[in-house]
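Following: one structure in structure tokens, then a few remarks.
Here, each number is a calculation from the coordinates, and none is a lab measurement. None of these values were measured; they are calculated from a predicted model. Positions of Cβ are backbone-derived with ideal geometry, glycine not excepted, and every protein chain shown enters the neighbour counts.
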Amino acid sequence: MGDLLDWIISFLFLATLIIIVIYQLTCLADLEFDRINPYDVSSRINRMVLPEFGLQGLLCLYYILTGHWFMAVLSLPHLFYNIRLYMKREHLADVTELYNTYKWEQKKRVYKIGHIALSIFITTYWLIHSALGDI
């Protein structure tokens with residue numbers, strides 16, 4: 001039962017992460033189609049960056065504490081990338097450069113969605129495997 005609970009909590013972490021990244025991608029799409037100005041886009045994205053980084057760090061720590069080593073190793077590249085962005089002070093969207101860099105910002109978020117989606121698929125597999133094992 002404990003392993004099943006671990007995978008449910010992991011799934012909730014990942015679902016929250018993917019929702020945050022999709023929200024950021026939606027804001028960038030709104031900028032691309034001139035539905036919103038760059039100042040509002042950057043403030044909305046910047047408001048979500050630190051919670052995203054914190055959740056990713058907590059998720060990696062959670063995997064380590066629960067002994068899911070494969071998932072911890074799988075989540076490390078995303079975590080190290082976020083740490084590198086934070087250390088180089090490139091984690092926030094710059095309002096003055098947003099029109100010039102929004103394609104790159106979109107690519108970053110699409111790759112993050114792909115990584116999180118892979119993690120969700122693996123977590124869903126282990127969630128089902130644990131649920132069927134407890135029957």
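Which aspartates and glutamates does Lys108 reach when only Cα atoms under 16 Å apart count, and residues fewer than 8 places away in its own chain are ignored?
Glu32, Glu52, Glu90, Asp94, Glu97
I'd like the distance separating the alpha-carbon centroids of the range 24-69 and the range 87-135, in whole Å.
Distance between centres, Cα-based: 9 Å.
Within a Cβ distance under 14 Å of Arg84, other residues only, what is the Lys/Arg minus Asp/Glu net charge?
With Lys, Arg at +1 and Asp, Glu at -1, the neighbours total +3.
Can you tell me how the range 56-128 classifies by the Cα gyration tensor, rounded, prolate or oblate, using a/c under 1.5 as the rounded cut?
It comes out oblate by the Cα gyration axes.
Run the numbers for Leu118 and Asn37: contour at 0.36 nm per residue of separation, minus the present Cα-Cα distance, in nm.
25.9 nm
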